[in-house]
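K.L.:
What follows is a structure written as structure tokens; I'll ask about it next.
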Ligand SMILES: [Zn+2]
Ligand SMILES: [Zn+2]
């Protein structure tokens, strides 16, 4: 039997609303499929997803947590929430601040509120010296402008669920941000994302599921979970004309370096 590849899912949401039987069995299924590490994102209308992500990471050695305020929830930000978030974020099991950023597609919070919260959380990441996980949708120019103006380069991070073009990728890489590919890279109509996956430096790419969303082909349309990451990594390998094992080794090493965490071993 060939061993499954050793992959890190750098972005998943495992809250009970998505996985009512709990995160443990999701992590167990992922491990059987060759997933050796996970970064669990804790964002929501309040801090309970952040607290859950931190508790899971504290319990499981190959799980890291990222905590933040999603741009959708910018209107729920208060100073009191920020203070508790800051103390959660300082814990050693929190490997990144995120996901934070701008979402002008859904615009569930007004753009001004999104930008204000984004700026505050970039500052928090810099205070703590932790990398940033960026969510950006139909807000490319403003996202890059905030990262530049607020000196996000000092800590760098990840553009999660990369769905922009080569020009955006070039600026993001220059700002110290790696590119994380989700199931989108397996979709037929995602040519510009595929071009970036072909071209980006091998030491600057990551893979993620963004579970429970965006299940990769051939599982598209199903609820996604970290066990499916192998399909995304395989597609990235095909696009680059290399092997799944090579992409697994590179993206896992990149994840360990970016999140300063040992997922393997
Ligand atoms: Zn996102
Ligand atoms: Zn997410």
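A short reminder: the numbers here are calculations on the coordinates, not readings from a lab. This structure is a prediction, so every number in the text was calculated from the model and none was measured. With ideal geometry, Cβ positions are generated from the backbone for all residues, glycine too; neighbour counts draw on all protein chains shown.
K.L.:
Just to be sure I understand: with springs between alpha-carbon atoms less than 10 Å apart, which residue in 17, 194, 114 has the highest mean-square fluctuation in the Gaussian network model of the chain?
P.N.:
Of 17, 194, 114, the Gaussian network model singles out 17 as fluctuating most.
K.L.:
Right, here's the next one. Taking the beta-carbon count within 10 Å as an exposure proxy, list 119, 67 from fewest neighbours to most.
P.N.:
Details: 119 14, 67 33.
Final ranking by Cβ density, sparse to dense: 119, 67.
K.L.:
In region 135-225, what is the volume of the convex hull around the alpha carbon atoms, normalised per residue and reported in Å³? Intermediate values should be presented prior to the final figure.
P.N.:
Details: hull volume 8.9 nm³, N = 91.
Taking the convex hull of the Cα positions in region 135-225, it is 98 Å³ per residue.
K.L.:
Separation of region 237-265 and region 163-215 by C-alpha centroid, Å?
P.N.:
First find each Cα centre; the distance between them is then 14 Å.
K.L.:
Where does each of 135, 105 land when they are ranked from fewest to most other beta-carbon atoms within 10 angstrom?
P.N.:
On the way: 135 24, 105 10.
Arranged by neighbour count, lowest to highest, 135, 105 become 105, 135.
K.L.:
Here is a further query. Report the extension gain between residue 111 and residue 187 in nm, rounded to one decimal, defined as 0.36 nm multiplied by the number of residues separating them, less their alpha carbon distance. Walk me through the numbers on the way to the answer.
P.N.:
Values: separation 76, 0.36 × 76 = 27.36 nm, distance 2.93 nm.
My answer for the length gained is 24.4 nm.
K.L.:
Can you give the direction-averaged projected area of the convex hull of the alpha-carbon atoms in region 108-265, in nm²?
P.N.:
Details: hull surface 38.3 nm².
Convex hull of Cα atoms, orientation-averaged projection: 9.6 nm².
K.L.:
Let me ask another. With only alpha-carbon pairs counted, each pair once and no self-pairs, how large is the Kirkwood hydrodynamic radius of region 56-201 in angstroms? If you can, show how the numbers build up before the last one.
P.N.:
Working: mean 1/r = 0.0641 Å⁻¹.
It is 15.6 Å.
K.L.:
Under the definition of Cα pairs under 8 Å and six or more residues apart, what whole-number percent is the relative contact order of region 98-218?
P.N.:
Relative contact order here is 21 percent.
K.L.:
Hey, if you drop one equal point scatterer on each alpha-carbon of region 176-265 and run the Debye formula without solvent, what base-10 log of I(q)/I(0) do you get at q = 0.14 Å⁻¹?
P.N.:
Here log10 of I(q) over I(0) equals -0.45.
K.L.:
What are the semi-axes of the equivalent ellipsoid for the chain, taken as the square roots of 5 times the Cα gyration tensor eigenvalues, largest first, in whole Å? Write out the running numbers ahead of the final one.
P.N.:
Values: eigenvalues 135, 92, 56 Å².
The three semi-axes for the chain are 26, 21, 17 Å.
K.L.:
Using only alpha carbons, build the gyration tensor for region 202-245 and give me the equivalent ellipsoid semi-axes, biggest first, whole Å. Working shown, then result.
P.N.:
Working: eigenvalues 80, 25, 11 Å².
Here the semi-axes work out to 20, 11, 7 Å.
K.L.:
Suppose only helical runs count, i.e. DSSP H with n ≥ 4. What mean residue ellipticity at 222 nm does that imply for the chain under -39500 (n - 2.57) per run, divided by all residues and rounded to the nearest 500 deg cm²/dmol?
P.N.:
Working: 9 runs with 107 residues, N = 265.
Rounded to the nearest 500, it is -12500 deg cm²/dmol.
K.L.:
Order by neighbour count: 11, 82, fewest other Cβ atoms within 10 Å first, most last. List each step's numbers first, then the result.
P.N.:
Values: 11 28, 82 16.
Fewest to most other Cβ atoms nearby, the residues stand as 82, 11.
K.L.:
With an 8 Å Cα cut-off and a minimum separation of 6 or more residues, compute the relative contact order for region 12-140 in percent.
P.N.:
Numbers: 226 pairs, mean separation 27.6, N = 129.
RCO, region 12-140: 21 percent.
K.L.:
Under the definition of Cα pairs under 8 Å and six or more residues apart, what whole-number percent is the relative contact order of the chain? Please report the intermediate quantities before stating the final value.
P.N.:
Values: 573 pairs, mean separation 53.4, N = 265.
Taking the mean separation of contacting Cα pairs over the length of the chain, I get 20 percent.
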